[in-house]
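A short reminder: the numbers here are calculations on the coordinates, not readings from a lab. This one's a predicted model, so the numbers in the text were calculated from it and none came from an experiment. Don't worry about glycine lacking a Cβ; one is built from the backbone with ideal geometry, like all the others, and counts go over all protein chains shown.
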Amino acid sequence: MPGHATRPVPCYAESRKEAIMHDAMHTVAGDDSTDTTMESAPSEGERPWTSLPASVKRVWLLRSAIRDCSGVLGCGIVALISHLAGWWTSWHGPVLMVAAVMLTADLATQPLRIRYAYAFNRYSIGSHDVMLHKGWLLRTTTTIPYNRIQHVTTKQGPLLRSFSLTAVELHTAVDEHEIAALDDDCATSIVNQISMRVLTSKDDV
């Protein structure tokens, strides 16, 4: 109205609004910083696993080839002996044919099966136990505590020896567990490492 002086708005109202907005922004910023800290926090690492040497795939393939080819050869020998001895009957042919086809199919699918078997065959040497993971279709994980291991041995057949590989066997009171193949130097190191931890675990009991 004319003649009336306009009353100034108290400055504390603006300051109050600014303070509220500042607190809200500070709270949001604080929440964001908390979230960022939680996201950047390191997660608990998984137990390390070690794969077998890649050359073990050739060992497995050669074993399968020897087994399946021997089976097919055996079918041929049985057929020959049956003909020469006069034992051949109407069921010999179908049975031997089915056996030969199955052995041939097994050999033909070995490269793919070995590839998957190798991908899921690994081991882990922990501070309290050894863990073995095997199988690609039916997978199994076995844990062997050091205080259950009685002794550790190595095994090396002609095929493993030709590729400078060694198998390590862990013997318990009720079972045997095997790391299928390791490089010779690695096998020696693993055997010594496991043996020392077995002795330490038995001393602690």
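A few remarks follow.
- The stretch 122-204: C-alpha gyration tensor shape, a/c 1.5 cut-off, then a/b vs b/c: oblate
- Based on the reciprocal of the average 1/r between different C-alpha atoms, the Kirkwood radius for the stretch 50-119 equals 13.7 Å.
- Taking every alpha-carbon pair under 8 Å whose residues sit at least 6 apart, the stretch 50-119 reaches a relative contact order of 52 percent.
- For V59, V95, V174, V130, the sequence from fewest to most other C-beta atoms within 10 Å is V174, V95, V59, V130.
- Sorting V78, V56 by the number of Cβ atoms found within 10 Å of their own Cβ, with the fewest placed first, yields V78, V56.
- Counting beta carbons within 10 Å around each of R161, R122 and listing the fewest first gives the order R161, R122.
- Pairs of Cα atoms nearer than 8 Å and 6+ residues apart set the relative contact order; for the stretch 122-204 it is 23 percent.
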